[in-house]
Amino acid sequence: MKANEPLRTIGDRRWVDHSRMSDPGSHAARIAELPADVGVLNRIVQGLLIHSDWLDAYGVDAHELRANSRTTLPVADRLADVLEADARTLHAPRLPRQRSAGTCRDFALMVTSFLRCKGVPARLRCGFASYLGEGWEDHWVCEFWHEPAQAWRLSDAQIDETMGAKLGIGFDPANVPRTSFLTAGEAWLEWRAGRADPRRFGHGEATGAWFLRLNVLRDHFALNGAETSAWDDWRTAPEAKRLVSNDQLDFLDRLAAKPEVERTEVRPDWLD
């Protein structure tokens, strides 16, 4: 999908209506009080969440937190966790140790939810970021429709002042350059065209074509309102199953080029 593809060509309501994961439930009234500016919403989310892998950067010990989980929660449940500890308005930033611990997908999901509540088309994108360390790291961001520019833009709510300073990030997290974040399909097609080394894409020691395939599938599911899936725990996949067979390549090429097509159920063979 092109960054400047007009919204009218892909369905005016598809990414405005909530999915099960983005639906804020009873917290919608609180979100209605918030502004619609993406940069401001990023900062609000940063005052509610903390990334479980970045606790040291904020001087937080895991034992100080209510929970330290890698499980992506529905926004309604995540906000309930935040508000149970501190019932103030969502505008009020919590101290780092008082925030709800999650991962990049929780940051992206919450911004997506807030934007949808404002009538702004938004969706999660699964892919790879070049600004989190060496190579291209597995990452999730929010992609939203920027009406003035008539284009899709990327927003990374996880990048606050603390992370921005530590990582030396010079761009606006509310408008992440397309050269700094590749959607999974873009990364896959770069590899297939011989322009990228698949070993540069992944998470920690889990890299390569298999991980590219994993994220192509996750991005496809996210664009179809399934921001998480029953087979999403890739860490349980044995090394012997971390492969891409030749008979999968044509299908994955098509899915990488058009990840927004109607959801295709994919058998998670690496977990068999």
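Please treat every number below as a calculation from the coordinates, not as lab data. Everything quoted here is computed from the prediction, not taken from an experiment. Reconstructed Cβ throughout: ideal geometry from the backbone, glycine too, with neighbour counts over all protein chains shown.
Considering only 249, 228, 171, and ranking their Cα positions along the charge dipole of the range 167-272 that arises from unit charges at the beta-carbon of Lys, Arg, Asp and Glu, the one farthest toward the positive end is 171. Rounded to the nearest 20, the size of the Cβ-charge dipole of the chain about its Cα centre is 400 debye, with Lys and Arg at +1 and Asp and Glu at -1. Karplus-based coupling profile of the range 200-210, in residue order and whole Hz: 8, 10, x, 9, x, 8, 8, 9, x, 4, 4, with θ = phi - 60° in 6.51 cos²θ - 1.76 cosθ + 1.60 and x standing for Gly or Pro. Working from label points 7 Å from Cα in the Cα-to-Cβ sense, the residue 134 to residue 197 distance is 1.0 nm. Determine the relative contact order of the chain: mean sequence separation of Cα pairs under 8 Å and six or more apart, normalised by residue count, in whole percent. Reported as a whole number, the value is 19 percent.
How high is the relative contact order of the range 181-272? Use alpha-carbon pairs under 8 Å, at least six apart in sequence, and give a whole percent. Answer for the range 181-272 is 34 percent. How far is helix 104-117 tilted, in degrees, relative to the longest principal axis of the Cα atoms in the chain, given as a value from 0 to 90 rounded to the nearest 10? Approximately 70 degrees, to the nearest 10. Applying a DSSP loop filter and a limit of 13 other Cβ atoms within 10 Å to the trypsin sites (Lys or Arg not before Pro) in the range 176-272 leaves 178, 195, 263.
Assuming charge only on the beta carbon of Lys and Arg (+1) and of Asp and Glu (-1), the dipole of the range 1-158 about its Cα centre is about 480 debye to the nearest 20.
Note on residue 28 and residue 13: the extension gain reaches 3.6 nm, defined as 0.36 nm multiplied by sequence separation minus the Cα-Cα distance.
When only Cα pairs under 8 Å and 6 or more residues apart are kept, what is the percent relative contact order across the range 195-235? RCO, the range 195-235: 23 percent. Sequentially through the range 34-51, phi angles give Karplus couplings (6.51, -1.76, 1.60; θ = phi - 60°) of 8, x, 9, 5, 5, x, 5, 5, 4, 5, 5, 4, 4, x, 10, 10, 9, 7 Hz, Gly and Pro residues having no value and appearing as x. Summarising the amide proton neighbourhood of residue 227: residues at separation of 5 or more, or on other chains, whose placed amide H is nearer than 5 Å comprise 21. State which stretch of the chain is the longest one without any exposed GluC sites (Glu not before Pro), exposure meaning a DSSP loop state and at most 15 other Cβ atoms within 10 Å. Of all site-free stretches, the longest is 34-133.
Straight-line cross-link reach from residue 258 at under 18 Å between alpha-carbon atoms covers these aspartates and glutamates, not counting any fewer than eight positions away in the same chain: 5, 12, 143, 186, 190, 219, 227, 250. Pairwise Cα distances in the range 7-262 exceed 26 Å for 39 percent of all pairs.
Net charge in the neighbourhood of residue 158 (other residues with Cβ under 15 Å of its Cβ; Lys, Arg +1, Asp, Glu -1) is -2.
Counted residue by residue at 0.36 nm each, then reduced by the alpha carbon distance between them, the extension gain from residue 235 to residue 262 reaches 7.0 nm.
Shown in residue order for the range 54-61 are the 3J(HN,Hα) couplings computed by the Karplus curve 6.51 cos²θ - 1.76 cosθ + 1.60 at θ = phi - 60°: 10, 4, 4, 5, 10, x, 10, 9 Hz (x for Gly and Pro).
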